[in-house]
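K.L.:
The structure under discussion is supplied below as structure tokens; questions concerning it will follow.
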There are 4 protein chains.
Amino acid sequence: MTRVHVWGASGYGASEAIAFLAAHPLVELGLLESASLGGEPAGLHFPRLRTLDRSFDFPGAILSAIEADDVVIMGGAHGSAKEFAPKFLEAGARVIDLSDDFRLAPTRAVYGLPERYKAQIAGARFVANPGCYPTATLLAVLPLAQGDNEIAQIIVDAKSGITGAGRTPSVRALYAEVAGDVHAYGLEGHRHEAEIAQELRAAGIDAPLVFTPHVVPLARGMLADAYVMMRSAPDASAVRAAYARFYAGNSFVRLLDEGVSPSVAAVAYTNDAEIAVSVHGNVVRSICAIDNLGKGAATQAVMNMNLMLGFPEECGLDKLGRPSTGAPYGARSG
Amino acid sequence: MTRVHVWGASGYGASEAIAFLAAHPLVELGLLESASLGGEPAGLHFPRLRTLDRSFDFPGAILSAIEADDVVIMGGAHGSAKEFAPKFLEAGARVIDLSDDFRLAPTRAVYGLPERYKAQIAGARFVANPGCYPTATLLAVLPLAQGDNEIAQIIVDAKSGITGAGRTPSVRALYAEVAGDVHAYGLEGHRHEAEIAQELRAAGIDAPLVFTPHVVPLARGMLADAYVMMRSAPDASAVRAAYARFYAGNSFVRLLDEGVSPSVAAVAYTNDAEIAVSVHGNVVRSICAIDNLGKGAATQAVMNMNLMLGFPEECGLDKLGRPSTGAPYGARSG
Amino acid sequence: MTRVHVWGASGYGASEAIAFLAAHPLVELGLLESASLGGEPAGLHFPRLRTLDRSFDFPGAILSAIEADDVVIMGGAHGSAKEFAPKFLEAGARVIDLSDDFRLAPTRAVYGLPERYKAQIAGARFVANPGCYPTATLLAVLPLAQGDNEIAQIIVDAKSGITGAGRTPSVRALYAEVAGDVHAYGLEGHRHEAEIAQELRAAGIDAPLVFTPHVVPLARGMLADAYVMMRSAPDASAVRAAYARFYAGNSFVRLLDEGVSPSVAAVAYTNDAEIAVSVHGNVVRSICAIDNLGKGAATQAVMNMNLMLGFPEECGLDKLGRPSTGAPYGARSG
Amino acid sequence: MTRVHVWGASGYGASEAIAFLAAHPLVELGLLESASLGGEPAGLHFPRLRTLDRSFDFPGAILSAIEADDVVIMGGAHGSAKEFAPKFLEAGARVIDLSDDFRLAPTRAVYGLPERYKAQIAGARFVANPGCYPTATLLAVLPLAQGDNEIAQIIVDAKSGITGAGRTPSVRALYAEVAGDVHAYGLEGHRHEAEIAQELRAAGIDAPLVFTPHVVPLARGMLADAYVMMRSAPDASAVRAAYARFYAGNSFVRLLDEGVSPSVAAVAYTNDAEIAVSVHGNVVRSICAIDNLGKGAATQAVMNMNLMLGFPEECGLDKLGRPSTGAPYGARSG
């Protein structure tokens, strides 16, 4: 079995990845390197890992033990992968980086949004896992790239659980600051805008974007409401058809029936995304719900890993957190 | 002292009004009529009213005791004021109705948004208190009516605490349904849209509106993000000046400095509204935070009452829930 | 594969059971009968069941389709199993009842607490699934029955998530009532006391019990702090040894190291229980955390079903909600 | 008007005190000294202080401006008052210290629990404000000191909102750690036990104490369930009478009717305490609810200040956060 190490293992996204990797039938959990919690039992710090009888490994552990064709999932703070990802690659490992260090040109790895770049990911040894805001936004908007209507303006109003801010303690992420409040932030610009814009442009969408992220009282979850203003009123059924076409064969994206709302609770602990699209005059409203720690981070990384290793894309993802539709595990994942 | 009755007294908005009325220095709390909780101690059902030594009164109590120049604040379910408001008016009372029964033409009372209709409210005997969504939306958008730029499209993405759904038990308002979830609702239309549209038109704004309400895990609070698309790029300082002009002399609306975000927590338990406005190309983004039970219901009703009775508009509102800037109470309200 | 029907399928406990049954490798999900939601898509009402392509069945569906050796998990309101459980049994089915209709003498089924009655459950056709409060309390206290010290008094201070109150709408279970509050209830007696007392007595513990349930702002989860006052000071290591002995071979109960606290979050979505026991003079403090919907209801029912059907007890339970320690699924469940 | 400075002004307790002081009719808000936020607008960091047009002052500000008969409320971290309280006292100021630096013998200030030491506080220039856990526990237990029954054992199971952990960022206080979890902590001993024990002994209660603090998903609020085991069964009405006697004339403590539960929500933002006492065989159960930031910190400090300055004890406390029973403000406090 392929050995998968987790570097920067004590963040929210990384610990979520560990939970899924530990239960993945086709990989073996390797080292769990943490700069801050080396030597500490994982279960003491992450309730979700209580049943995992493992301690975090100390800095340097992965680099000294790594072998060719291991996988490293990198979960450290933004900026920290810059130095180590090249070393892991040089050692012959495959790397999936959860940070934004390698998402933007000119230092890009393959952009790990499977609904868009499945073929490229399949052949890649180095994947930059998308941010949670870009994931939700791109899933909501990309199908419109295929349409004939010209986009005049894109407005994205996104609501995020606070784990998006990471596990390094900060006043803004304290319970007493988050509970009872809802507010926008980054009013003067958010670092994810460049990532969103890059990928929209790559898909041929070059309209101006107003992106407003909000913190809502959720530990996990993200809802992105995209309002795409067209130069003329699009046909509703054509728009719906474009979305259906775009997501045909994508097992984790659910297009909801008219009138049904995407629910953050419905995708919690999963790699699923729910999308509802509707047309209101010149405006296409496309709402996307994901788990910022799941499809927005850890499970998307596992899916990318599956693609990179040639496993079925659902492997290790369909039975965790949320049950799916009842077929025995073995029947589905091969 | 003027006697103020509360009809439909056992809802969330009404109980909030009772709390403020009980502490109001210039009125006397009258009857608290409730169809469902007549005879029950108010403090047993509303923790916030624990120190109020009062029981709810039985149906019919107000009508049999009402005197000319009493005030009745009506907090019953939508539809229920239709029958009783005329009776209270006929008895010579002043009426402020929290429901939407008299907000829309042709059966309108004076629309009780003081920032827009202060003069009309001052002379009124019958005021329809605005809904919480219309209050937040109109406060965010109305100042743009004065501008020269033509509005092409209005998009409002609103987030509400669940008390907006009322206190009549429903599955959707259960703790286990609201906690951990964020979702839009009313995707095919929301009853508040007509109210918003009516008031925008009255102000000369006739652009198409896409309105998306969301439930967020809050007991109280509302954030409305209005994205107003202009036909050409407006001047940011002109826009800010228009907002400053519109709210000059309005003691409960705070225009925030650039980069500061309106916060639902900052307005909780108050009649305050916070607004941040900025310009992004052709789009004016105006974000407004209110307490849906305060400025969106109960405290707006108290403010309307103050205006109707000729009291200082802040009376009973500046010292409750949240302290204001330190001047002794008497110095301000008397 | 054995077919498992769920009766009273639209409650919180039942829907949780459905989620686990749908992913259980050795059973087939049968009918999902609901008196209130017959005909409705399950995923519309339960986000956790969004990926389950099933609608609730109408009243009577199970009785008309039931076959010998089917299993029925009954999740209806307390009182409702009285009539139907005998009919299902008569049809030759096995029944696991989540209500308290058959927990108390003289109309008892086998009491489905596997840590206590595993052998009896294994041979049973009719199991009364324990209540969540009794489950947490008994797990915390029962190991003391083996000791030599005489128990003078038992005090249990329990904290429960609100799903314990069920999904039938009530004011007390509304989000706005539960968020921001903690309070005891049932100060004059709680229906679960008789169940706890019966099972303590059956184990030879006959001391007076003070039981205080609380509602805390949780959707799911339960913590029971048991303070057991002995007539003389017990030996701490002997007490810990008694707990270790009692839970030897029980795969779902974790005795925590000294100083480590049971965490509701650590057992959420699982059949796990965490217990910390310590001695303070004459007092043994034993704290037990479970998921009231998991070990306190649905997953305990699935475990009972596994025992009744001769499956490995962990089957369908070790990979759902929370990953366990990494062994491939197939290797564990047979 | 007396000038009141706040030292260590940027913690949760101190900011709460500022809110009440700013609205207090008989004092003037002085300097707001903060080591970490000097120069920063208070309203940017504390939504509750948004309407307060003040910035935090820099370290040293109070000491250089202090005058005789000023009051200093000290809200810094535990340990930090040791150095500065003597300097403020030497300058002739009155000091109320929220930390535990001066609560324990031999370096005690007057212990600021008004229900116990009102006379001593009235004459004091230096008061140590009690901790939140000791406040709730002592209010629950102290009335039993007057009884004839001998106490064999005291068990206190306390539930606290997370603001008790302070505003200095820590992983354990992050939203994602607190939401969805309930757990005990300090299983091997909590620093407040010595404070509780000291005050129980001072009242003549010398029984062993088992004290178990828990974190619950609340920003503010505390519930202490005290289970006091007597050597023989006490008379219920005698116990209730003892509580009534103990709290006679104490305007902020509400003894609840039988069957009514103390509610954290009912005392939020106030100086109120709710107590329910009942007898169960040999056990007296006494449950006390307070706001850990109110009666457990800031409002208790304001009450102590009122007593030290000879003001009516309710002054500045009866109209904030929660309205009381409707008498005009001036009529009550002046």
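The values are calculated or read from the model by the stated rules, or taken from the named source; none is laboratory data. If you're wondering where the values come from, they're calculated on a predicted model, not measured in any experiment. We place every Cβ from the backbone using ideal geometry, glycine too, and count neighbours over all the protein chains shown.
K.L.:
Report whether or not residue C:210 is modelled with pLDDT of 95 or more, in the same structural domain as residue C:263 (by TED's automatic domain parsing), more than 20 Å from residue C:263 (Cα to Cα) and touching a Gly at 6+ places or on another chain (Cβ under 8 Å). Show your work before the answer.
P.N.:
Working: modelled with pLDDT of 95 or more: yes; in the same structural domain as residue C:263 (by TED's automatic domain parsing): yes; more than 20 Å from residue C:263 (Cα to Cα): yes; touching a Gly at 6+ places or on another chain (Cβ under 8 Å): yes.
Criteria met by residue C:210.
K.L.:
What's the number of the only condition in (1) hydrophobic (A, V, I, L, M, F, W, C); (2) assigned to a helix (DSSP H, G or I); (3) within 30 Å of residue D:76 (Cβ to Cβ); (4) more than 13 Å from chain A (Cβ to nearest Cβ) that residue D:211 fails to meet?
P.N.:
With respect to (1) hydrophobic (A, V, I, L, M, F, W, C); (2) assigned to a helix (DSSP H, G or I); (3) within 30 Å of residue D:76 (Cβ to Cβ); (4) more than 13 Å from chain A (Cβ to nearest Cβ), residue D:211 is out only on (2).
K.L.:
Just to check your reading of the model, which residue among B:173, B:122 is touching a Leu at 6+ places or on another chain (Cβ under 6 Å) and in the same structural domain as residue B:93 (by TED's automatic domain parsing)? Outline the logic, then answer.
P.N.:
Working: B:173 fails: in the same structural domain as residue B:93 (by TED's automatic domain parsing).
Matching residue, one of B:173, B:122: B:122.
K.L.:
If you go through region D:168-176 one residue at a time, do you hit one that is free of Cβ contacts under 8 Å to residues at least 60 places away in the same chain and more than 30 Å from residue A:268 (Cβ to Cβ)?
P.N.:
No, the conditions are met nowhere in region D:168-176.
K.L.:
Determine which single condition residue A:259 fails, assuming it passes every other condition in (1) in a loop (DSSP other than H, G, I, E, B); (2) out of contact with any helix residue (DSSP H, G or I) (no Cβ under 9 Å at 6 or more places or on another chain); (3) more than 10 Å from every other protein chain (Cβ to nearest Cβ); (4) not hydroxyl-bearing (Ser, Thr, Tyr).
P.N.:
Unmet for residue A:259, out of (1) in a loop (DSSP other than H, G, I, E, B); (2) out of contact with any helix residue (DSSP H, G or I) (no Cβ under 9 Å at 6 or more places or on another chain); (3) more than 10 Å from every other protein chain (Cβ to nearest Cβ); (4) not hydroxyl-bearing (Ser, Thr, Tyr): (3).
K.L.:
Would it be correct to say that residue D:216 is among the aliphatic types (A, V, I, L, M) and within 8 Å of another protein chain (Cβ to nearest Cβ)?
P.N.:
When the stated conditions are applied, residue D:216 passes them.
K.L.:
Could you grab me the full set of residues in region C:52-76 that are of a type in the set (A, V, I, L, M) and either over 14 Å from residue C:6 (Cβ atoms) or not assigned by TED's automatic domain parsing to the domain that holds residue C:37 (or both)?
P.N.:
C:68
K.L.:
Hey, another quick one. Can you pull out every residue in region C:146-201 that is touching a strand residue (DSSP E or B) at 6+ places or on another chain (Cβ under 6 Å) and of a type in the set (S, T, N, Q)?
P.N.:
Matches in region C:146-201: C:149, C:153, C:160.
K.L.:
Further question on the same structure: I'd like to check something: does region A:220-230 contain any residue that is of a type in the set (Asp, Glu), within 22 Å of residue B:178 (Cα to Cα) and under 16 Å from the mean Cα position of the chain (by Cα)? Even if it seems obvious, please write down each step before you answer.
P.N.:
Step one: filter region A:220-230 for residues of a type in the set (Asp, Glu), giving A:225.
Checking which are within 22 Å of residue B:178 (Cα to Cα) leaves us with A:225.
If we keep only those that are under 16 Å from the mean Cα position of the chain (by Cα) as well, we get none.
Among the residues of region A:220-230, not one is of a type in the set (Asp, Glu), within 22 Å of residue B:178 (Cα to Cα) and under 16 Å from the mean Cα position of the chain (by Cα), which makes the answer no.
K.L.:
Touching a Gly at 6+ places or on another chain (Cβ under 7 Å) and small (Gly, Ala, Ser): does that describe residue A:60?
P.N.:
Numbers: touching a Gly at 6+ places or on another chain (Cβ under 7 Å): no; small (Gly, Ala, Ser): yes.
So residue A:60 does not fit the description; no.
K.L.:
Can you tell me which residue is farthest from the other protein chains (Cβ to nearest Cβ) among those in region C:157-176 that are buried (at least 24 other Cβ atoms within 10 Å of the Cβ) and assigned to a helix (DSSP H, G or I)?
P.N.:
C:164
K.L.:
Here is a further query. Can you list residue pairs whose Cβ atoms sit under 7 Å apart, with the first residue in region C:273-291 being at the interface with another protein chain (Cβ under 7 Å from one of its Cβ atoms) and the second being crowded, with 24+ Cβ neighbours inside 10 Å and not in a strand (DSSP E or B)? Count only pairs 6 or more apart in sequence or on different chains.
P.N.:
C:276/C:262; C:287/C:140; C:287/C:262
K.L.:
Step by step: first the residues of region C:264-293, then only those that are in contact with a strand residue (DSSP E or B) (Cβ under 9 Å, 6 or more places away or on another chain) and among the small types (Gly, Ala, Ser), then the one that is nearest to residue C:125 (Cα to Cα). Which residue is that?
P.N.:
Filtering region C:264-293 for residues that are in contact with a strand residue (DSSP E or B) (Cβ under 9 Å, 6 or more places away or on another chain) and among the small types (Gly, Ala, Ser), the one nearest to residue C:125 (Cα to Cα) comes out as C:273.
K.L.:
What residue, among those in region A:219-231 that are at the interface with another protein chain (Cβ under 9 Å from one of its Cβ atoms) and among the small types (Gly, Ala, Ser), is surrounded by the fewest Cβ atoms within 10 Å (Cβ to Cβ)?
P.N.:
Pass one, region A:219-231, residues at the interface with another protein chain (Cβ under 9 Å from one of its Cβ atoms): A:219-223, A:225, A:227, A:229.
Checking the rest, the ones that are also among the small types (Gly, Ala, Ser) come to A:219, A:221.
Details: A:219: 23, A:221: 31.
If we take residues in region A:219-231 being at the interface with another protein chain (Cβ under 9 Å from one of its Cβ atoms) and among the small types (Gly, Ala, Ser), then A:219 is surrounded by the fewest Cβ atoms within 10 Å (Cβ to Cβ).
K.L.:
Farther than 26 Å from residue A:232 by Cβ, at the interface with chain C (Cβ under 10 Å from one of its Cβ atoms) and hydrophobic (A, V, I, L, M, F, W, C) - does that describe any residue in region B:131-147?
P.N.:
Checking region B:131-147: not a single residue is farther than 26 Å from residue A:232 by Cβ, at the interface with chain C (Cβ under 10 Å from one of its Cβ atoms) and hydrophobic (A, V, I, L, M, F, W, C).
K.L.:
When both residues are 6+ apart or on different chains and their Cβ atoms are under 7 Å apart, which pairs have a first residue that lies in region C:240-266 and is under 16 Å from residue C:226 (Cα atoms) and hydroxyl-bearing (Ser, Thr, Tyr), and a second that is at pLDDT below 95 and outside any loop (DSSP other than H, G, I, E, B)?
P.N.:
Listed pairs, sorted by first residue: C:263/A:47.
K.L.:
Any residue at all in region B:232-252 that is hydrophobic (A, V, I, L, M, F, W, C), assigned to a strand (DSSP E or B) and assigned by TED's automatic domain parsing to the domain that holds residue B:137?
P.N.:
For region B:232-252, residues hydrophobic (A, V, I, L, M, F, W, C), assigned to a strand (DSSP E or B) and assigned by TED's automatic domain parsing to the domain that holds residue B:137: absent.
K.L.:
Could I ask something else about it? Tell me the residue from D:60, D:43 that is modelled with pLDDT under 95 and more than 22 Å from the chain's Cα centre (by Cα), please.
P.N.:
D:43
K.L.:
Same structure, new question: Can you name every residue in region C:141-164 that is more than 16 Å from residue C:216 (Cα to Cα) and of a type in the set (S, T, N, Q)? Before you say what the answer is, go through the steps one by one.
P.N.:
We begin by selecting, within region C:141-164, every residue more than 16 Å from residue C:216 (Cα to Cα); these are C:141-155.
If the condition is that a residue be more than 16 Å from residue C:216 (Cα to Cα) and of a type in the set (S, T, N, Q), then C:146, C:149, C:153 are the ones that fit.
K.L.:
Please verify whether residue B:179 is under 28 Å from residue C:172 (Cα atoms), at the interface with another protein chain (Cβ under 7 Å from one of its Cβ atoms), surrounded by fewer than 24 Cβ atoms within 10 Å (Cβ to Cβ) and modelled with pLDDT of 95 or more, treating the condition exactly as stated.
P.N.:
The answer is no for residue B:179.
K.L.:
Considering region C:241-255 alone, what residues qualify as being under 20 Å from residue C:146 (Cα atoms), crowded, with 18+ Cβ neighbours inside 10 Å and of a type outside the set (Val, Ile, Thr)?
P.N.:
Residues satisfying the conditions are C:242, C:243, C:246, C:247, C:254, C:255.
K.L.:
Please find, among C:154, C:196, C:205, the residue that is away from chain B (no Cβ under 12 Å) and assigned to a loop (DSSP other than H, G, I, E, B).
P.N.:
Step by step, each of C:154, C:196, C:205 is checked, and only C:205 is away from chain B (no Cβ under 12 Å) and assigned to a loop (DSSP other than H, G, I, E, B).
K.L.:
Could you please find all residues in region C:63-117 being part of a helix (DSSP H, G or I) and buried (at least 16 other Cβ atoms within 10 Å of the Cβ)?
P.N.:
Scanning region C:63-117 gives C:63, C:81, C:84, C:85, C:88, C:114, C:115, C:116, C:117.
K.L.:
Can you tell which of C:266, C:289, C:297 is part of a strand (DSSP E or B), buried (at least 24 other Cβ atoms within 10 Å of the Cβ) and of a type outside the set (Val, Ile, Thr)?
P.N.:
It is C:289.
K.L.:
Further question: Only one of (1) within 19 Å of residue C:291 (Cβ to Cβ); (2) at pLDDT 95 or above is not met by residue C:20, so which one is it?
P.N.:
For residue C:20, the failing item is (2).
K.L.:
I need the full set of residues from region D:1-52 which are part of a strand (DSSP E or B) and more than 8 Å from chain B (Cβ to nearest Cβ), in order please.
P.N.:
D:2, D:3, D:4, D:5, D:6, D:7, D:27, D:30, D:31, D:32, D:33, D:41 - these are the residues of region D:1-52 that are part of a strand (DSSP E or B) and more than 8 Å from chain B (Cβ to nearest Cβ).
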